[in-house]
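Worksheet for the structure shown next.
The values are calculated or read from the model by the stated rules, or taken from the named source; none is laboratory data. Remember, it's a predicted structure, so these values are computed and weren't measured experimentally. Because the Cβ atoms are built from the backbone with ideal geometry, glycine has one as well, and the counts that use them run over all protein chains shown. Protein only, heavy atoms only, side chains kept; ligands, DNA and RNA dropped before computing areas. Shrake-Rupley method; radii C 1.70, N 1.55, O 1.52, S 1.80 Å.
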Protein chains: 2
Amino acid sequence: MDRKYSISDLASEFNVTTRTIRFYEEKGLLSPQRIGATRKYAGNERVKLKLILRGKRLGFSLDESRDIINLYDPIAGNTKQLQLLLDGINSKQKELLDKRKEINSMLSDLKQAEENCQQALNAQKIK
Amino acid sequence: MDRKYSISDLASEFNVTTRTIRFYEEKGLLSPQRIGATRKYAGNERVKLKLILRGKRLGFSLDESRDIINLYDPIAGNTKQLQLLLDGINSKQKELLDKRKEINSMLSDLKQAEENCQQALNAQKIK
DNA sequence: TATTACGTTGACGTTAACGTTAACTTCTCC
DNA sequence: GGAGAAGTTAACGTTAACGTCAACGTAATA
């Protein structure tokens with residue numbers, strides 16, 4: 001049905017303030033329609049916000065998130081543009097694979113710490 | 001051999017400024033030895049710095065990184081302390097699993113975008 | 001011996017990402 | 001019709017994470 005959302009709809013759905021959403025617009029990350037002065041967000045704008053917040057949780061800056069969003073942009077006219085877009089996508093993919101590797105090593109570090117901790121706890125129990 | 005490092009050794013190895021390293025100390029994340037007034041970093045301090053920077057790349061704040069470092073702390077005396085430590089480790093593990101999931105969905109989004117882009121490029125070639 | 005390199009401690013400046021407050025409009029509802 | 005509730009712009013405040021001097025000490029080296 002292609003619903004529309006008010007600013008506070010999105011704010012409460014994603015647990016951010018309306019100030020935050022307006023700030024993202026100010027930075028060129030969102031571009032809602034206007035009914036008079038009031039903002040109205042269609043589905044694609046909602047998705048953008050979702051992408052921004054996911055980016056944030058993964059340590060991307062707003063500038064980076066803007067770039068990421070643009071990678072999904074279906075405009076990209078000529079071949080050169082498309083090639084640039086593809087390069088951007090590939091580079092961001094590598095970046096993410098690196099992050100995933102780092103997460104994995106962090107997880108294995110923590111697993112080690114967990115075992116040590118378990119060990120020490122068991123030693124206490126025996127006593 | 002348990003080498004020691006100067007502040008600029010670490011700075012150049014990890015590609016940060018000495019200011020950054022001193023700042024981390026100021027925030028209680030590092031605690032190098034002193035030879036006179038000069039800082040000297042042993043292996044464990046070097047590892048801490050590594051953990052901090054990895055944390056940063058994954059979107060953790062310095063406060064969070066300090067907590068993470070403390071999860072590896074082998075002091076943890078009594079059972080209650082150990083249990084708390086274990087809880088902290090488990091909670092951080094879950095957090096990381098969440099991040100990994102988000103990375104995976106971002107990767108699959110990008111894969112989709114890549115295919116679309118490839119598609120469009122092929123369409124250009126045929127022409 | 002003077003310059004160059006590296007170290008130190010302040011202390012103030014900067015940027016990203018919002019928070020907060022003010023002053024105002026517009027809509028709904030009792 | 002007046003009292004919220006939700007929207008707006010504008011402007012200043014705040015915090016984290018450093019950058020950037022300045023002013024100084026020390027140690028090697030040309």
Check your understanding: Residue check: is B:ALA113 free of Cβ contacts under 8 Å to residues at least 24 places away in the same chain, surrounded by 14 or more Cβ atoms within 10 Å (Cβ to Cβ), in contact with a Phe, Trp or Tyr (Cβ under 7 Å, 6 or more places away or on another chain) and in a helix (DSSP H, G or I)?
Key -> yes
Practice item. Could you list, in sequence order, all residues of the range B:107-116 that are more than 7 Å from every other protein chain (Cβ to nearest Cβ) and among the acidic types (Asp, Glu)? Key: B:ASP109, B:GLU115
Point to revise | Selection within the range B:9-19 - surrounded by fewer than 16 Cβ atoms within 10 Å (Cβ to Cβ) and among the β-branched types (Val, Ile, Thr) | key: B:THR17, B:THR18
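Look at B:SER105 and say whether it is of a type in the set (S, T, N, Q), part of a helix (DSSP H, G or I), within 12 Å of DNA strand D (Cβ to nearest atom) and open to solvent by less than 50 Å² (accessible area, probe 1.4 Å).
In short, no.
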**Study point:** Within the range A:26-46, tally of residues that are in a helix (DSSP H, G or I) and either surrounded by 15 or more Cβ atoms within 10 Å (Cβ to Cβ) or near DNA strand C (Cβ under 9 Å from one of its atoms) (or both)
**Key:** 3
Check your understanding: When you go through (1) at the interface with another protein chain (Cβ under 10 Å from one of its Cβ atoms); (2) open to solvent by less than 30 Å² (accessible area, probe 1.4 Å) one by one for B:ALA120, which number turns out not to apply?
Key -> (2)
**Study point:** Residue that is farthest from DNA strand C (Cβ to nearest atom) [pool: residues in the range B:3-16 that are hydroxyl-bearing (Ser, Thr, Tyr) and part of a helix (DSSP H, G or I)]
**Key:** B:SER12
Review point. If B:ARG19 satisfies every condition in (1) more than 17 Å from A:GLY59 (Cβ to Cβ); (2) in contact with a Lys or Arg (Cβ under 7 Å, 6 or more places away or on another chain); (3) within 12 Å of DNA strand C (Cβ to nearest atom) but one, which is the exception?
Key: (2)
Study note, to complete from the structure: Exactly one of A:TYR24, A:TYR41, A:TYR5 is within 14 Å of DNA strand D (Cβ to nearest atom), touching a residue at least 40 places away in the same chain (Cβ under 8 Å) and of a type outside the set (D, E, K, R), and that residue is A:TYR5
**Study point:** Among the candidates A:ALA76, A:ALA123, residue that is part of a helix (DSSP H, G or I), modelled with pLDDT under 95 and among the hydrophobic types (A, V, I, L, M, F, W, C)
**Key:** A:ALA123
Review point. Can we say B:LEU84 is open to solvent by less than 80 Å² (accessible area, probe 1.4 Å) and either assigned to a helix (DSSP H, G or I) or at pLDDT 95 or above (or both)?
Key: no
Exercise for review: Filter the range A:57-106 for residues that are within 14 Å of DNA strand C (Cβ to nearest atom) and within 7 Å of chain B (Cβ to nearest Cβ) and give the result.
Suggested key: A:ARG57, A:LEU58, A:GLY59
Review point. If you go through the range A:47-63 one residue at a time, do you hit one that is open to solvent by 80 Å² or more (accessible area, probe 1.4 Å), farther than 30 Å from B:ILE126 by Cβ, outside any helix (DSSP H, G or I) and within 16 Å of DNA strand D (Cβ to nearest atom)?
Key: no
